[in-house]
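For reference, the structure is listed below as structure tokens.
The values are calculated or read from the model by the stated rules, or taken from the named source; none is laboratory data. Model, not experiment: these values are computed from the prediction. Cβ coordinates were reconstructed from backbone atoms using ideal geometry, including for glycine residues, and neighbour counts include every protein chain displayed. Heavy atoms of the whole protein, side chains included, go into the accessibility calculation; ligands, DNA and RNA do not. Shrake-Rupley method; radii C 1.70, N 1.55, O 1.52, S 1.80 Å.
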Amino acid sequence: MLVLVPTAVKRGVELVRSRVCKASSNLIGDFCSRMKRVPVLALLLWICLLFYVGIWIFLSGFLLVKVEVNRSSSCKDELFSKHYSSHTEHFCWSEPRFKRAVILVIDALRFDFARFDPEIKDPRPFQNKLGVLSEVVASRPAHARLYPFRADAPTTTMQRIKGFTTGSLPTFVDVCSNFGTNAIQEDNLIHQLGQNGKRVVFMGDDTWENLFPNQFHRSLPFPSFIVKDLHTVDNGILQHLYSTVESSDWDVVIAHFLGVDHCGHRYGPDHQAMADKLTQMDQVVRSVIERLQNDTLLVVLGDHGMTDTGDHGGDSQKETDAALFLYSPSALFTAGQEKALQEVVPQIDLVPTLAQLLGIPIPYSNIGKVMVELFALGSPEDQSAQERRQAEALWINAKQVNRYLDTYSLANKDLSPVILAHLKDTFLLAAAEYKALFGGPLAGGPEHSSRVQALIATFQQYLNQVRETCQASWARFHPLRMAAGIAVLAAACALCFITSDFADVVSASYRRLLWIPIVCGAVAGGGVALWQFVTRSEVDVLSSLGMAALVSQLSFFWNFCRRKATRVFASEPSDLLNAAADSAQQRPALTWPCVPLVIFFLRCASLFSDSYVVAEGRVATFLLSTLAIYIPVQLNWAGRLLLPFEAQKSTPPCLPPQPSTPAASSSYKKESLTLLGCTGFLVVSLYASHSFHGCRDEQGGCEPSAFLTPLSGLRDIQLRNFRYLLSVSSVIAWVCLVRRWMRHYGNMNSKSPAVLVARFGLPLVAMFVCLYWAMSSAPYEGFGNLQEVVKLALLVFPRAVYVLFGLGVTVVCWDPLTVFLKTRKEPATSLLPPTYRASTGVSLQAELQHLIPHIYQRMRKSLRAGEREGTGREDDGQPTVEAYGLGTVYSAPLLLVLAQLGLVLAMLHPEGLMLSFMLLLLQACAILHMHSAATSLSTPGSRAGCFSVSWSAVLMWGLAATQFFYSTGHLPTFPSIQWNSAFVGLSEVHAGHLAPALLVTLNTFSSQILFAVSCPLLLLWPLVCETTKAGKRGRRAGEGEDGEEAVMEMRLRENPDRFSTALLQLGARYLFIHGAQLLASVCAAAILRRHLMVWKIFAPKFIFEASGFAVTSVCVLLGLALVMRVDSAVSDWFKRLIPDHSR
């Protein structure tokens, strides 16, 4: 039998001395047994899968993806060979105006970047730098024109390239594919150019090579995902552009410059680097203009704009308004047109315009409208010829669009038949008028001219209506799928709530409440799939999964109700009444969820208001502060905060005795003051964290935090150095606090691999993070000849961090124990008297402060009995084992992993946000201490208080995750995504886009990740804090017959089943908090789907909530799995510690 006898405290760590004696083996089993790990994780995983299925079903009805028509236009199309034109038959659809074209794509060329305003006396870095465009328009108005070029959301590069090459509209959900640039399957300009013998030479952004593989005559792609590199792509283009333009081996040259976009991402538009880059682009355009021939068209365009912070992806005007510049040495416009009001040109209108100017077929799926002013050829006196050419261009365009509508309506029924019929009638009337005007001998006169002008207006109106109809159709919803998705999500939330509040019932019947529902769901889903395959020879995976989810949920509810009914009817009425009365009397004051859940549901209700969503960062801060203040107010209302109350007759075994003496009362008041102090600090720090918030476009007058600006974007060198020192100091404080905590609780004494990670791995990670920030804080140009070395360092340092983090997590999972064992021989005569004190120089309270008397308490009577009977003496001198760090055996590995993870996530953010991460650590500690003090002060009347986490604590933890999301500069909008994180530690050539997408996910949801992984600390922390309480309560804590010692986390080893039930309850409650927020966001998007701000506010919020829940659920499972891995290691450790013959 294993006996632990307390000895002296050394260096502030708990110390336990064990002796091996003869005794029964039933006690040993308590410490060597294992919890129910697989059922707990399986149940939580099943709940998560139910949420995933609900999200998928709702997405399929809310974000519909349009059907792509995989057909191509051709010169041999019969429809266009008889269009009643005056052209000869050797032309394809229409006569080309130009033989060649040079297309310069300047990524993120916002319209005000390209416009020159002479009234600006002190221009900002992005103003009046691209003066060549305005100069040419002013000096040669018949040869050039500058247009506002409006993009459709999402304003990401891949979607914009797709838009101005296919003439189609990417849907809202297409933003998710910006990292996965798969080849375009729809008909497009590049395909038509190659199909009709045009030699296309491409150079620049390698996204084009992925979208149009093997379609270029010659291709010179350069890597596009290294945002911090402003010059590699542009300089690579300039090495080949001028020589290519001067040669004759091409028909179309496409050059995609990235420097302006990368400069915006790295520095923002208001930086000297932007001025330098725009000046370079000005010189590029001038040089190309000088080399053009008369039969060549120059197109300079921006694919999208950028915000004032250099981001893009949304639908604000600064993101959608790019520039379009058209120029040719030969006249483009007739005299007088240059004085007309310049209209905003939709990007898709460039597709039919370029196709007809170059004499190639318009792509099949185009819904754009030709720019008619480019087809008004002839002298100003010959107005009828100009009108005829404009009408002919629109006629060809309208026939192509009408054909596409006919084909699309057959493939997909989402277009309204009434609207289709109206559009068809409009087209037929216009076609009849066109044939009447141009089908016979050409006529003239004022009446003919007015009819032609009316026809042109009719064609333009028809094309505009088609575009509006398609936009509305591709935003149509599927109400049945949306309702089914909401039903699955609501049932999953109810299942989560039941599991959290009735965890003991669920854990007692995993077969009925887990495995049977899973089997029923699998059978139902498989049956639906089989029926679909038999009847339709195809399987709709979504409907099968939906049926499986609904049936499994119904099975759970049915079995749960039966289980509860069985327990009720199996009990006597008097027993039920007594149990209910005892439960109401003994339940902790803070476990009643009424007020916390009311606060939480108010938070969910705020998601239905666009103004609250815009101000969610401040709303989350207010609600979290309110809940923090509610805890001491509720305790004071119950008389448990400032004044001690009478001890109950039966003190709960899981907590120290209640205060009954002046000393104990003093300690009790100290805990109350700790609670109040942590509350005050938390409220102050929450509002201080607003210093790190970003700004939405809807927040007028808001200034984003200066800490969001990377160090490389600061011009003041002294300010840059000061900010860097603050960041480094925060990193050092982060490491020191974690190591100090582990040293205080004795987790740094062992030579185990996990302790080596804490000693060496964690400081190395911190060092490489600081070195990476130092290298990235200055532009490449500032290093002179060491640029290559710096580039290498920018790859090596982050990769070293990734490797060290991976090794550290692997080592902790392999051997998570940080317990130090020290064995030595003691004389057989060293027997302990019943009133044993380890040292006369150490007070009793200090002696008991860091002990693990869980085993000691249960062995004490046995030891005393053995001494009185003479059996406690060991004749041969048994080995004594001193164990350091056993009281925090669960929390220490978890904190070690979190410390490394936090540094990795901080590295993916701007350097200044390390202060925010440090504030996160302090806020989390404040919440944990508040939870611990509140748990102690609420004094539950049953042993369940030690194995349960209150709703208040879980809700505070979830709100803190939301609040910290905003405190790191993130917003639920696509432009606010910190894309720079995608390139931390990645080389210029990397395989695929999985790694950048993963890094962006880690950056965006860093708060959800940290709080989800650390969720088990809510259960562990009150036990850790017992070490400062037990020795100060009671007359002689631990000495009385009914006394209870501070056993810390070893108490969880008393009852592994209760431990696993507590983890199940905690995981279910945390998932419920985030699942309910997701459900509220889903309902808001569904109910307000016709709201003006649905695509600007509610849809992005829903997507961020869904993504955040997916990340949170995975991390919660990982955090719980780590605790279970530690529990398994502790069981194995006890088995090794206890000899075989004792077991």
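If I go through the stretch 256-307 residue by residue, how many of them are in contact with a helix residue (DSSP H, G or I) (Cβ under 7 Å, 6 or more places away or on another chain) and part of a loop (DSSP other than H, G, I, E, B)?
Within the stretch 256-307, residues that are in contact with a helix residue (DSSP H, G or I) (Cβ under 7 Å, 6 or more places away or on another chain) and part of a loop (DSSP other than H, G, I, E, B) number 8.
Among the residues of the stretch 413-425, is there at least one that is part of a helix (DSSP H, G or I), under 25 Å from LEU63 (Cα atoms), open to solvent by less than 50 Å² (accessible area, probe 1.4 Å) and modelled with pLDDT of 90 or more?
Checked the stretch 413-425: no residue is part of a helix (DSSP H, G or I), under 25 Å from LEU63 (Cα atoms), open to solvent by less than 50 Å² (accessible area, probe 1.4 Å) and modelled with pLDDT of 90 or more.
Can you tell me which of (1) open to solvent by 20 Å² or more (accessible area, probe 1.4 Å); (2) under 30 Å from SER976 (Cβ atoms); (3) in contact (Cβ under 8 Å) with a residue 24 or more places away in the chain; (4) not polar (S, T, N, Q) is the one LEU764 doesn't meet?
The one condition LEU764 does not meet is (2).
Tell me, which residue of the stretch 263-284 that is free of Cβ contacts under 8 Å to residues at least 60 places away in the same chain and open to solvent by less than 10 Å² (accessible area, probe 1.4 Å) is nearest to PHE116 (Cα to Cα)?
Going through the qualifying residues, I end up with LYS277.
Report, by residue number, each residue of the stretch 434-491 that is open to solvent by less than 40 Å² (accessible area, probe 1.4 Å), under 20 Å from MET371 (Cβ atoms) and modelled with pLDDT of 85 or more.
Once the filter is applied, which keeps residues that are open to solvent by less than 40 Å² (accessible area, probe 1.4 Å), under 20 Å from MET371 (Cβ atoms) and modelled with pLDDT of 85 or more, the stretch 434-491 yields TYR434, VAL452, LEU455, ILE456, PHE459, TYR462, LEU463, VAL466.
Would a scan of the stretch 524-541 turn up a residue that is assigned to a helix (DSSP H, G or I), at negative phi and touching a residue at least 60 places away in the same chain (Cβ under 8 Å)?
No, every residue in the stretch 524-541 fails to be assigned to a helix (DSSP H, G or I), at negative phi and touching a residue at least 60 places away in the same chain (Cβ under 8 Å).
Just the residues that are open to solvent by 30 Å² or more (accessible area, probe 1.4 Å) and not charged (D, E, K, R), please, taken from the stretch 717-727.
First, pick out the residues of the stretch 717-727 that are open to solvent by 30 Å² or more (accessible area, probe 1.4 Å): 717-722, 724-726.
Correct list: ILE717, GLN718, LEU719, ASN721, PHE722, TYR724, LEU725, LEU726.
Need pairs with beta-carbon distance below 8 Å; first residue in contact (Cβ under 8 Å) with a residue 12 or more places away in the chain and within the stretch 896-911, second crowded, with 24+ Cβ neighbours inside 10 Å and basic (Lys, Arg); sequence gap 6+ or separate chains.
GLU911/ARG723
Only residues that are among the small types (Gly, Ala, Ser) and either open to solvent by 50 Å² or more (accessible area, probe 1.4 Å) or within 23 Å of GLN185 (Cα to Cα) (or both): list them for the stretch 204-247, please.
Within the stretch 204-247, GLY204, SER219, SER224, SER243 meet the criteria.
Can we say LEU719 is modelled with pLDDT of 90 or more and either over 27 Å from the mean Cα position of the chain (by Cα) or closer than 19 Å to LEU908 by Cα (or both)?
Here the answer is no, as LEU719 does not meet what is asked.
Listed residues LEU429, LEU530; which is under 17 Å from LEU394 (Cβ atoms), modelled with pLDDT of 85 or more and either touching a strand residue (DSSP E or B) at 6+ places or on another chain (Cβ under 8 Å) or surrounded by fewer than 19 Cβ atoms within 10 Å (Cβ to Cβ) (or both)?
LEU429
Residue check, VAL731 against (1) at pLDDT below 90; (2) buried (at least 20 other Cβ atoms within 10 Å of the Cβ); (3) outside any loop (DSSP other than H, G, I, E, B), all met but one. Which one?
That leaves (1) as the condition not met.
Given the conditions (1) open to solvent by 30 Å² or more (accessible area, probe 1.4 Å); (2) without any contact (Cβ under 8 Å) to a residue 60 or more places away in the chain, which single one is not true for SER287?
Here SER287 meets the rest and fails (1).
So, LEU635, is that one surrounded by 18 or more Cβ atoms within 10 Å (Cβ to Cβ), assigned to a helix (DSSP H, G or I) and at pLDDT 85 or above or not?
Spelling it out, it is not the case that LEU635 is surrounded by 18 or more Cβ atoms within 10 Å (Cβ to Cβ), assigned to a helix (DSSP H, G or I) and at pLDDT 85 or above.
Out of the stretch 998-1024, which residues are open to solvent by less than 20 Å² (accessible area, probe 1.4 Å) and either modelled with pLDDT under 80 or among the polar types (S, T, N, Q) (or both)?
Matches in the stretch 998-1024: ASN1003, THR1004, SER1006, SER1007, SER1014.
Take the conditions among the hydrophobic types (A, V, I, L, M, F, W, C) and either in contact with a Lys or Arg (Cβ under 8 Å, 6 or more places away or on another chain) or at pLDDT 90 or above (or both) and apply them to VAL789. Does it pass?
no
Looking at LEU133, is it under 28 Å from GLY313 (Cβ atoms), assigned to a strand (DSSP E or B) and in contact (Cβ under 8 Å) with a residue 60 or more places away in the chain?
Numbers: under 28 Å from GLY313 (Cβ atoms): yes; assigned to a strand (DSSP E or B): no; in contact (Cβ under 8 Å) with a residue 60 or more places away in the chain: yes.
Considered against the rule, which asks whether it is under 28 Å from GLY313 (Cβ atoms), assigned to a strand (DSSP E or B) and in contact (Cβ under 8 Å) with a residue 60 or more places away in the chain, LEU133 comes out as no.
Give the stretch 389-413 a look and list any residue that's touching a helix residue (DSSP H, G or I) at 6+ places or on another chain (Cβ under 7 Å) and not small (Gly, Ala, Ser), or say none. It would help to see each step written out before you state the result.
Keep residues of the stretch 389-413 that are touching a helix residue (DSSP H, G or I) at 6+ places or on another chain (Cβ under 7 Å), which gives 389-391, 393-399, 401-403, 405, 409.
Within the stretch 389-413, ARG389, GLN390, LEU394, TRP395, ILE396, ASN397, LYS399, VAL401, ASN402, ARG403, LEU405 qualify.
Test of understanding: among SER1107, SER1113, SER1081, which residue is touching a Lys or Arg at 6+ places or on another chain (Cβ under 8 Å), within 22 Å of ASN1003 (Cβ to Cβ) and modelled with pLDDT of 90 or more?
Just a single option satisfies the conditions, and that option is SER1081.
Please go through (1) hydrophobic (A, V, I, L, M, F, W, C); (2) within 21 Å of PRO269 (Cβ to Cβ); (3) in contact (Cβ under 8 Å) with a residue 24 or more places away in the chain; (4) open to solvent by less than 60 Å² (accessible area, probe 1.4 Å) for LEU682 and return the number of the only condition it doesn't satisfy.
(2)
Which one of LEU238, LEU292, LEU230, LEU278 is in contact with a strand residue (DSSP E or B) (Cβ under 8 Å, 6 or more places away or on another chain) and not charged (D, E, K, R)?
Just a single option satisfies the conditions, and that option is LEU292.
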